[in-house]
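Derivation of every value follows stated rules applied to the coordinates shown; laboratory data play no part. All of these numbers come straight from a predicted model, not from anything done at the bench. For neighbour counting, all protein chains shown are included, and Cβ atoms are generated from backbone atoms with ideal geometry for every residue, glycine included.
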Amino acid sequence: MYYFIVNPNANRGHGGKVWKRLEHRLQRFGVEYEVMMTRAPGDAAMFASHLAGRNGETCVVVAVGGDGTVNEVLNGLSFGESIVFAHVPVGSGNDFAKSLRLPRSPGRCLKRILNSCHQRCLDYGVLSYENGSPVHRRFAVSSGLGFDAAVCHDLLNIRSRNRECYGKRRLLPENFVYVLLGARQWLRAVPVKGFLLLDGSRKVEFNHIYFISAHIHPYEGGGFRFAPKADGSDGLLEVCVVHNSSKLGLIPVFWDALLGKSAHHKGVRFYECREVQVHVEKPVPVHADGEDCYCQTDIHLRCIEKSIRMIV
């Protein structure tokens, strides 16, 4: 049985248009399916939480949307032998799909899903922090704190303010908006002191942290390749630390990440680990797959190995 969780507002209403075409194909092929349309943040996670182990049948759960939809579905599902995950990317960034090299065409994605031509067991990450009580949030692509999380927070605020405008008037391309917000946060950015504790044993201290991101997959922020060695199924996080006494030193780092280059830069360090604790001296923004996790001083990130059975 195929269960489609669809975000019709993804990419300025493009998700709804894509779903109409996909549904036409499903009906033409006589495929048995059920569709759940999201209306507000949190709906995708709620729908996904109701799907685990329906009468012991194998459920193919398909997220139709962007990285935010994938994150919500991931946080709602209870993974087991009866759950197979799939994704039709229709968001503006699609970092998850880009890392997995999924087809850009929704029709080709659907064809792969229906044929189940290849499945891969993927890792996912868990972000833990305190918000009055312990919070544990899964992430499919990346999570971290600092500059990139601040840009994500700004972007979410813009999406929230413009939600009623989606599909009614043309907005600026979201990738362009991301660059503009990045420029604004770059002007505002102030580094912080902090440290990492890698796999509970290796402590590394920094004086000028601009951001720290832990990756399951290489891309985040709509195509910035901050973790070129991230694998997705090796049981490890690739942790990227950007620290520099000069703010100008950040510009070539972001430029090369946007172009997908793997150049070495002063003030950029990479670590591979199964888990990492991060402490900074004052609260800074935190994100999980671009979703707002407020401002924190302490976070814990870990990798859950090969727990997602996914059609790719």
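Stretched out fully, how many nm does the piece from Ser49 to Phe270 gain, at 0.36 nm a residue minus the Cα gap?
76.1 nm
When the Karplus curve 6.51 cos²θ - 1.76 cosθ + 1.60 is applied with θ = phi - 60°, which whole-Hz ³J(HN,Hα) does each residue of segment 255-265 get, with x for Gly and Pro?
Rounded to whole hertz, the list is 5, 5, 5, 5, 7, x, 7, 10, 5, 8, 10.
Using only Cα atoms, what Kirkwood radius does the chain have, in angstroms?
19.8
Please state, rounded to one decimal and in Å, the Kirkwood hydrodynamic radius that segment 125-307 gives when every pair of distinct Cα atoms enters the mean of 1/r.
16.6
Determine the calculated [θ] at 222 nm for the chain from helices alone, applying -39500 (n - 2.57) to every DSSP H run no shorter than 4 residues and normalising by the residue count; nearest 500 deg cm²/dmol.
-9000 deg cm²/dmol
Determine the dipole magnitude for segment 2-117: charges of +1 sit on the beta-carbon of Lys and Arg, -1 on that of Asp and Glu, nothing else is charged, the reference point is the Cα centre, and the result goes in debye to the nearest 20.
So the magnitude is around 700 debye.
Tell me which residues come under 5 Å, amide H to amide H, from Ser233 once H is placed; ignore anything under 5 positions away on its chain.
Asp123
How high is the relative contact order of the chain? Use alpha-carbon pairs under 8 Å, at least six apart in sequence, and give a whole percent.
Answer for the chain is 21 percent.
Choose one of Ala230, Gly194, Asn115: the residue whose Cα lies farthest towards the positive end of the charge dipole of the chain (beta-carbon charges +1 Lys, Arg; -1 Asp, Glu; about the Cα centre).
Farthest towards the positive end: Asn115.
Using the crude model of +1 on Lys and Arg Cβ and -1 on Asp and Glu Cβ, and no other charge, please compute the dipole size for the chain relative to its Cα centre, in debye to 20.
1220
HN-Hα J couplings of segment 210-223 from phi, Karplus 6.51/-1.76/1.60, θ = phi - 60°, integer Hz, Gly and Pro as x?
Once rounded to whole Hz, the list reads 9, 6, 10, 10, 10, 10, 8, 10, x, 9, 8, x, x, x.
What is the calculated FRET efficiency for Lys111 to Glu57, with r their C-beta to C-beta distance and R₀ = 30 Å, to the nearest 0.05?
Step by step, r from the Cβ atoms, then E = 0.85.
Within the chain, what's the longest stretch lacking trypsin sites (Lys or Arg not before Pro) that sit in DSSP loops with no more than 13 other Cβ atoms inside 10 Å?
Value returned for the longest uninterrupted segment is 105-167.
Report ³J(HN,Hα) in whole Hz for each residue of segment 186-203, in order, from the Karplus equation J = 6.51 cos²θ - 1.76 cosθ + 1.60 where θ = phi - 60°; Gly and Pro get x.
So the J values, rounded to whole Hz, are 4, 5, 8, 4, 10, x, 10, 7, x, 8, 10, 10, 8, 6, x, 9, 9, 9.
Direction-averaged shadow area of the convex hull around the Cα atoms of segment 2-117, nm²?
Quarter of the Cα hull surface area: 6.7 nm².
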